[in-house]
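Below you'll find the structure, written out as structure tokens, and then a few comments.
The values are calculated or read from the model by the stated rules, or taken from the named source; none is laboratory data. If you're wondering where the values come from, they're calculated on a predicted model, not measured in any experiment. Here the Cβ positions follow ideal geometry from the backbone for every residue, glycine too, while neighbour counts run over all protein chains shown. Accessible surface areas use protein heavy atoms only, side chains included; no ligands, DNA or RNA. Shrake-Rupley method; radii C 1.70, N 1.55, O 1.52, S 1.80 Å.
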Amino acid sequence: MMLSFVSLLSFALLFIHGGSTQPPFACDSSNPETKNYLFCQTELPITQRARDLVSRLTLDEKISQLVNSAPAIPRLGIPAYEWWSEALHGVSNVGPGVRFDGTIKAATSFPQVILTAASFDPYQWYRIGQAIGREARAMYNAGEANGMTFWAPNINIFRDPRWGRGQETPGEDPFVVGKYAVSYVRGVQGDTFQGGKLHGHLQASACCKHFTAYDLDNWKGTNRFLFDARVTVQDLADTYQPPFEKCVRDGRASGVMCAYNRVNGVPSCADSSLLFKTVRGEWDFKGYVTSDCDAVAIIHNDQGYAKAPEDAVVDVLKAGMDLNCGSYLQNYTKSAVLQKKLPESQVDRALHNLYAVRMRLGLFNGNPVPNPFGNIGADQICSPEHQILALEAARNGIVLLKNDAKLLPLPKSTMSLAVIGPNANSPQTLIGNYAGPPCKSVTPLQALESYVKNTVYHPGCDTVSCSTGAIDKAVDIAKRADYVVLIMGLDQTEEREALDRVDLFLPGRQQELIVSVAKAAKRPVVLVLLSGGPIDISFAKDDPRIGGIFWAGYPGEGGGNALAEVIFGDHNPGGRLPVTWYPQDFTKVPMTDMRMRPESSLDYPGRTYRFYKGDTVFEFGYGLSYSKYSYSFTRVSQNNLYLNHSSSLHTKETSDSVRYMLVSEVGAEICDERKITVHVGVKNNGELAGKHPVLLYVRHGNHGNGRPKKQLIGFRSVILSGGEMGEIQFEVNPCEHLSRANEYGLMVMEEGRHFLVVGDDKHPITIII
């Protein structure tokens, strides 16, 4: 049941789309001059075409192209281009590359990424990326965008629960974040779900950001511009870098953004070891590297790393950066060349990368209409298919955290409903940050009203900050209703870019409001939390008068309807938390401490489910359903892995006397030969059908010495009717899934027992060296 969903779609499409204008492009075949340009000859390799184009530019023209707002070069028929566009969870107007002030007024607004991740469904992530890529190309084809390079996804690890931008990420687990990155990028860029089908042409360009170890914005006087992230090679190897490696190697992303912060003293955008050696060398990156906005300027102006502006220019271009979001390279590159600090060849190198991406987007192939992706029209934007996908994504992400005495789902025969809370009727809160105008807007209140005609609403607080409120009025309303739903939590005034939290409690008087209403209500109440980051709601978890709790992230344009459907049982919740929910006591840990692993002697508890040794409010992967599921390992292809395949392989011992081999020495062939096929039986023991993500972990038999407590190595969803049994299959690559990073940042496979774990069941695997 939804609030006139189909009619809303039809109405939205009437005013969202109008006429279209032709997008800008180079190499117009009607211009005879273009026949003389090699860069216009589409049968030539793109690398040759890009080199030809750059060779025709003057130094001043070259320098003008090194910034995000690249001007036109009329003498060569090259139009202006805007590199900065955003599409975190839908095409956005945050950057200057896309606007909604013409014939197109809106785009599909999917859930904020942290909620999308809670579905643990890579194919859904791919479909969202695909929809965003199609809408992005449609905007360009309609003449409503000046670029097709979109600076998403944000694949930094959600390391600390206070981080204001954690909402933009897929959570705290590097494996999940890497899977999300690959799925999203393949979708946006026009690849298949399995990958490998691009063949050069891009639907739109995706950009992995922010490289690397960036997960602090502004906390207690420390800001991202000055922060020096001190990170061990071990933590880099198994936490901070894997999502970016996956994004580049497997996703084949065409863009990477280097971050504001320094890593071990060196600005990310000036670190040749990161950009040239790792990204381009080890990971075989074939795209462009952009700075975050004004990240070059701060290298001299704020960090003092470069002594002069020209030195900052030299540092970033020689490190492998290609594009400056901002104007710093436009202002100081020429003087750097004239002072003989920078060879012009470094400018050429950057431009080769930039023009190659524009050519892969088809912008130098003449009129785009007959070319790949040229026929994607404005009817793709806010299409019924995309809006239903946004609704599905919200449904599948919502996490049920508590359901005492089976209070939920609420009966559809409910005669009266009280809806209370500052987030109940706020359409803006639903879409989070980095969002464009949504196709439609239905708040949770409006959606709940479609289920219960006699619904009474009161915000309870003036705003989410809840510094003042009308708790007495909310209590009076609650007393008279059959059921009460409180819709509370955070919004962008509490957590966002440039604003980290300092505690994990609900803001202001929200807890007082919740407890007061729960005391007065006829029955246990339902609490809904909208937030990106975790909240310490221990009080609600332990209060029997609060019978049900949901976390709904920032669920996008379909979030209001999705929430009402879940509350009243038209959808069976199956989402799982993609982050650990810590207690308030965790905030004694400085946010600036980048260490993942615990140090008991220093009273340092570690971070994320993989290493954290403290109490939790809710664990990573936690999530209830209206059904109960059970699991068992039904078949595992092998229980013993022999790695003494070759006498040329060298074994070593860890400091706690465990023999190991370097993954790099084992080799891909042996890794493939030793793959393990794991079959897991799943049963829905309830009455309702449901979609259920199954999470497969590995746990090392040897504890301590920097080893993770456990590590997620696979997840798949299964749809089962009530009472139905099913079986799913995982493929375990021992070199990827049974290895760990040692203290030198090297991936190793250790001898001994490991345990595959799903739910309460475990299965031993023994590695023999």
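The table for this structure:
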| item | result |
| --- | --- |
| Amide hydrogen neighbours beyond the local backbone of H210, cut-off 5 Å, H modeled | I155, N156 |
| Derived scalar couplings ³J(HN,Hα) [region 361-367; Karplus, 6.51 cos²θ - 1.76 cosθ + 1.60; whole Hz; x for Gly, Pro] | 7, x, 7, 10, 10, x, 3 |
| DSSP H segments from the chain that extend 18 Å or more along their own axis, Cα-based, with Kyte-Doolittle mean of -1.0 or above | 122-141, 174-189, 344-360, 384-397 |
| Förster radius 45 Å - calculated FRET efficiency between Q729 and K277 (Cβ-Cβ, nearest 0.05) | 0.75 |
| Rounded percent of accessible protein surface that carbon and sulfur make up, region 397-601, 1.4 Å probe | 50 |
| Spatial separation of Cα centroids for region 348-365 and region 386-429, in angstrom | 46 |
| Signed unit charges on C-beta, dipole axis of the chain, positive-most listed residue I132, H754, G187 | H754 |
| Those aspartates and glutamates that a straight Cα-Cα span of less than 18 Å connects to K473, excepting residues fewer than 8 apart in one chain | D462, D482, E512 |
| Per residue accessible area of the chain, 1.4 Å probe, in Å² | 35 |
| Separation in nanometres of the label points that stand 7 Å from Cα toward Cβ, at K406 and Q48 | 7.2 |
| By average C-beta atoms within 10 angstrom, highest first, the peptides 246-259, 222-235 | 246-259, 222-235 |
| For V694, residues with placed amide H under 5 Å, excluding near neighbours | R716, S717, V718 |
| Spatial separation of Cα centroids for region 458-487 and region 534-564, in angstrom | 16 |
| Listed peptides 153-166, 509-522 by packing density, highest first (mean Cβ within 10 Å) | 153-166, 509-522 |
| Note, ³J(HN,Hα) from phi for region 481-490, Karplus 6.51, -1.76, 1.60, rounded to Hz, x at Gly and Pro | 8, 5, 9, 10, 10, 9, 10, 10, x, 10 |
| Per-residue ³J(HN,Hα) for region 143-160, Karplus 6.51 cos²θ - 1.76 cosθ + 1.60, θ = phi - 60°, Hz, x for Gly and Pro | x, 9, 9, 9, x, 10, 9, 10, 8, 7, x, 8, 10, 6, 6, 7, 6, 10 |
| Partner aspartates and glutamates for K675 [C-alpha distance under 18 Å; skip if fewer than 8 residues away on the same chain] | E665, E731, E736, E750, E751 |
| For V528, distant residues with modelled amide H under 5 Å away | L486, I487, M488, F550 |
| For the chain, Cys with no neighbouring Cys Cβ under 4.7 Å | C207 |
| The chain: C-alpha gyration tensor shape, a/c 1.5 cut-off, then a/b vs b/c | oblate |
| Rounded percent of accessible protein surface that carbon and sulfur make up, region 627-767, 1.4 Å probe | 46 |
| Potential extension, K522-I388 segment - 0.36 nm per residue separation minus Cα distance | 44.7 nm |
| Calculated FRET efficiency for the pair V502/R545, C-beta based, R₀ 30 Å, to 0.05 | 0.55 |
| Paramagnetic label zone (point 7 Å from Cα along Cα-to-C-beta, T493; backbone N under 17 Å) in region 511-552 | 511-513, 530-532 |
| Per-residue [θ]222 nm for the chain (sum of -39500 (n - 2.57) over DSSP H runs n ≥ 4, rounded to 500) | -7500 deg cm²/dmol |
| Highest to lowest packing among 79-91, 268-280, 328-340, scored as the average C-beta count within 10 Å | 79-91, 268-280, 328-340 |
| Cα centroid separation - region 262-280 against region 296-333, whole Å | 14 |
| Surface share of carbon and sulfur [accessible, 1.4 angstrom probe, percent] for region 85-233 | 49 |
| Within region 397-601: Cβ-based charge dipole about Cα centre, in debye rounded to nearest 20 (Lys, Arg +1; Asp, Glu -1) | 640 |
